[in-house]
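Have a look at the structure below before the remarks.
The values are calculated or read from the model by the stated rules, or taken from the named source; none is laboratory data. It should be emphasised that the depicted structure is a prediction, and the values quoted were computed from it without experimental measurement. Note that we place each Cβ from the backbone using ideal geometry, even for glycine, and neighbour counts take in every protein chain shown. Side chains are part of the model used for accessible areas, which takes the heavy atoms of the whole protein and leaves out ligands, DNA and RNA. Shrake-Rupley method; radii C 1.70, N 1.55, O 1.52, S 1.80 Å.
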Amino acid sequence: MNKIFEKERKSDGTSMKRGQVHIYTGNGKGKTTAAFGLAIRALMAGKKVFIGQFVKSMKYNETRITEFIDNISIEQFGCGCMLDRKPNENDRSEAKKGMIKCSQELASGESDVVILDEINIALHMGLLGADEVLEALKHRSEKVEVVLTGRYAPQSLIDYADLVTDMQEVKHYYTTKSLISRNGIDK
């Protein structure tokens, strides 16, 4: 057996079995895509994955993964696009419902990986408070790996996280070529 996999502890003595908290944020493309990539990696290693999508209600192509792979569950907690409107009580209610469900998933340890997709947008829009998310993270099962996505990650979550990736847009064909979302590539 490979010696890397035989080790139970890292050189600093902390358990390799402790789940870490990842944040994928920034104004660049690919935060949800990176989270789904990690989900596929985990699934192929025999792990169970739960994805809670905040703000979103449209069935993007990546959500179809549940039709092909077992051990993954995806739930959406949104009422549609809020780019052209202010959040309403239904938006807040869905976000609260999502936070309750995700908190339960985090605490139960039934899933090895829990992804809170666009949670940072829900926070930015005032649908939830960062303290609610921090509380859920602090009370999660030790083994659960967590990914939080979305622009505008609050500093309190950045400080708490173990890994933070800030995806920055350098150039995007939406603006340079006026391309709309393409099926199978952008949605």
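Structure data summary
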item	result
Exposure of Lys138 as accessible area (Å², to 10), given a probe of 1.4 Å and all protein chains	120
Beta bridges per DSSP with both ends in the chain, % antiparallel, nearest 5	5
10 Å Cβ shell holding at most 11 others, DSSP loop, GluC sites (Glu not before Pro): longest site-free stretch of the chain	9-141
Heavy-atom accessible surface of the chain: percent carbon and sulfur, 1.4 Å	51
Lys59 accessible area, assembled protein chains, probe 1.4 Å, Å²	140
Subset of Lys47/Lys86; Lys96/Lys143; Lys143/Lys171; Lys17/Lys171; Lys86/Lys143; Lys48/Lys171 violating a 32 Å alpha-carbon distance limit	Lys47/Lys86; Lys143/Lys171; Lys17/Lys171; Lys86/Lys143; Lys48/Lys171
